[in-house]
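The structure appears right after this line, and notes come after that.
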Amino acid sequence: MAGKPKLHYTKGRGKMESIRWLLAAAGVEFEEDFIETREDLEKLRSDGSLLFQQVPMVEMDGMKMVQTRAILSYIAAKHNLYGKDLKERAWIDMYVEGTTDLMGMIMLLPFQTAEEKKKNLDLIIERAKNRYFPVYEKALKDHGHDYLVGNKLSWADIQLLEAILMAEECQAGILSAFPLLQAFKGRISNIPTIKKFLQPGSQRKPPADEKFVAHVKAIFNF
Amino acid sequence: MSGKPKLIYFNGRGRMEPIRWLLAAAGVEFEEIFLDTREQYLKLIKDGSLMFQQLPLVEIDGMKMVQTRAILSYIAGKYNLYGKDLKERALIDMYVEGITDLRNMIILFPFSPPEAKEKNLALIMERATHRYFPVFEKALKQHGQDFLVGNKLSWADVQLIEAILAVEEKFPAVLSGFPQLQAFKTRISNMPAIKKFLQPGSPRKPPPDDHYIATVLEVLIE
């Protein structure tokens, strides 16, 4: 049934943020139903709305979709952001898995102790500069195109921009050795739908602060 | 270029096992190169064969594919194990992601510290019987068909039977409350390609032992 997708999550980035990015980039308006209390979460569970009792959950096209990657794959394919054939999809998948791993590390930082945070921040910066960014810099260099795969905007580009911005929040000059990624960042940020998402007042969420961390821990009981 | 896919990994299950299962279920013969020294791993990195310096690596159709999910998605797409349309793919993806979460608990279990082992084992059992298996039991009961999605064998079915067998190795009676899954297990096990894979002498790997764990640690850790 038609109607805007409805996102069920807490009012913060977490695992839902990549979904917000992709919908926004695709120009798809969406609604958000925020989980504010443990009771909100329990209600979703007891209603049978959460296939594996977990969020994110996105109601769209008559489905209650869970599992971040499943949701993202569906949105990407539906909105022509998944390449033109199986091989392009394979490259997009590989690139996306890399940025997902990097962002996954960054996502955990606010929930760690001061000591773990320091150690992991160093690891994140090391991995970004030595493992992940070189791959995308090289890909752009090798084909000289504006986008990572198939000379066309795809899910891989959107996720890479998201990862770049998150990494820059960890270390401001993190792209200093990656001229093509700097240019990429500028280019993709200027795509109208993405430019709009990057402006204040959009549904993009801020990084987690201490208050939000406490809030999430209370809801999910950890 | 044509030729059999080549799987590069340790001589054990780990993150390559679902790939072995899926290729076998699709009736695709493959070759394997086993890593047992750090030198072999470092050479792969030096050669630029590992996009993110990680395994698994599968050489297939002219690509050096990494990232388990990307590899599995490609194989599923290529061999018609990914549903007939976007919505079936969405359902397969959701099921696969859930099973992957369960399987990751099993993959990581041998590497958990001794004091955490009992707790982690109990959690595997709890999740299998309360979070994951009930979903698939219900799905099969509701549509009454032989396969999870679209009345046709898919990646989700192959992944499910792999997970069932892996949990049964730790908890032989785990399916006692799940009659649909018991019948499913028998049915899928008897499909010719899968029956062949379940026989001795196939590329299927045994559960991890101390030697496997030692090899992984030696190869991956400096």
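The values are calculated or read from the model by the stated rules, or taken from the named source; none is laboratory data. As the structure is a computational prediction, the values presented were derived from the model and not from experiment. As a convention, Cβ positions derive from the backbone with ideal geometry for all residues, glycine included, and neighbour counts pool all protein chains shown. We work out accessible area using only protein heavy atoms, side chains counted, and drop any ligands, DNA or RNA first. Shrake-Rupley method; radii C 1.70, N 1.55, O 1.52, S 1.80 Å.
The GNM of chain B, with springs linking C-alpha atoms under 10 angstrom apart, assigns the highest mean-square fluctuation among B:E169, B:E115, B:E17 to B:E115. Per residue, the protein assembly as shown exposes an accessible area of 47 Å² to a 1.4 Å probe, with every protein chain left in place. The DSSP beta bridges internal to chain B are antiparallel in roughly 65% of cases.
Only Lys, Arg, Asp and Glu carry charge here, each on its Cβ (+1 for the first two, -1 for the last two); on that basis segment A:22-105 has a dipole of about 420 debye about its Cα centre. By the equivalent-ellipsoid construction on the alpha carbon gyration tensor, segment B:86-190 comes out with semi-axes of 25, 15, 11 Å, ordered largest to smallest. Peptides B:53-63, A:109-119 ranked from most to least packed, by the mean per-residue count of other Cβ atoms within 10 Å: B:53-63, A:109-119. Computed from the C-beta positions of A:E29 and A:D122, the FRET efficiency with R₀ = 60 Å rounds to 0.90. Of A:W91, B:W155, the residue with the largest accessible area leads and the full order is A:W91, B:W155 (1.4 Å probe).
With contacts taken as Cα pairs under 8 Å at a separation of at least 6 residues, chain B carries a relative contact order of 28 percent. Across peptide A:88-100, the mean count of Cβ atoms from other chains lying within 10 Å of each residue's own Cβ comes to 5.
Sort chain B into rounded, prolate or oblate with this rule: let a ≥ b ≥ c be the square roots of the eigenvalues of the Cα gyration tensor; rounded if a/c is under 1.5, and if a/c is not under 1.5, prolate when a/b is larger than b/c, oblate otherwise. Here chain B falls in the oblate category. Phi angles across segment B:185-192 convert, under the Karplus curve 6.51 cos²θ - 1.76 cosθ + 1.60 with θ = phi - 60°, into 3J(HN,Hα) values of 4, 4, 4, 5, 4, 8, 5, x Hz, Gly and Pro given as x.
Among A:V28, A:V58, A:V96, the largest mean-square fluctuation in a Gaussian network model of chain A, built with springs joining Cα atoms closer than 10 Å, belongs to A:V28. The apolar share of the surface of segment B:1-87, taken as the fraction of accessible area on carbon and sulfur atoms (1.4 Å probe, ligands and nucleic acids excluded), comes to 49 percent. Across peptide A:76-86, the average count of Cβ atoms from other chains found within 10 Å of a residue's Cβ is 1. Note on surface exposure: A:K11, B:K87 rank A:K11, B:K87 by accessible area, highest first, 1.4 Å probe.
Mean partner shielding of peptide B:93-99, defined as the number of other chain Cβ atoms within 10 Å of each residue Cβ, is 6. Accessible area per residue was computed with a 1.4 Å probe on protein heavy atoms; A:Y82 scores about 20 Å².
Placing one equal scatterer on every Cα of the protein assembly as shown and applying the Debye formula, the log10 ratio I(q)/I(0) at q = 0.08 Å⁻¹ is -0.47. Comparing B:L121, A:A156, B:G14 along the charge dipole axis of the protein assembly as shown, the residue lying farthest to the positive side is A:A156, per the Cβ-charge model. Find the relative contact order for segment B:86-190 and round it to a whole percent, using C-alpha pairs within less than 8 Å whose residues are 6+ positions apart. Rounded, it is 32 percent for segment B:86-190. Surface composition of segment A:79-158: carbon plus sulfur atoms hold 54% of the accessible area, using a 1.4 angstrom probe and ignoring ligands, DNA and RNA.
Its Cα centre serving as origin, the protein assembly as shown has a Cβ charge dipole (Lys and Arg +1, Asp and Glu -1) of approximately 660 debye. Given A:A167, A:P206, B:Q142, which one lies farthest toward the positive end of the charge dipole of the protein assembly as shown, if we put +1 on the Cβ of every Lys and Arg and -1 on the Cβ of every Asp and Glu? The residue sitting farthest along the positive end of the dipole is B:Q142.
Relative to the Cα centre, the charge distribution of chain A, modelled as +1 at Lys and Arg Cβ and -1 at Asp and Glu Cβ, gives a dipole magnitude of about 300 debye. Can you compute the FRET efficiency between B:K141 and A:T113 using 1/(1 + (r/R0)^6), with r the Cβ-Cβ distance and R0 = 35 Å? Round to the nearest 0.05. With a Förster radius of 35 Å, E is 0.20.
Does segment A:58-155 come out rounded, prolate or oblate by the C-alpha gyration tensor, with a ≥ b ≥ c the root eigenvalues, rounded set by a/c under 1.5 and, if not, prolate when a/b is larger than b/c and oblate if not?
Judged from the Cα gyration tensor, segment A:58-155 comes out oblate (a/c at least 1.5, b/c at or above a/b).
Classify chain A as rounded, prolate or oblate, taking a ≥ b ≥ c as the square roots of the eigenvalues of its Cα gyration tensor: rounded when a/c is under 1.5, otherwise prolate if a/b is larger than b/c and oblate if not. In terms of gyration-tensor shape, oblate. Considering only A:S18, A:S46, A:S189, the Gaussian network model of chain A with Cα springs below 10 Å gives its largest mean-square fluctuation to A:S46. Between A:S46 and B:L42, the modelled label-to-label distance comes to 5.9 nm, taking each label 7 Å out from Cα in the direction of the beta carbon.
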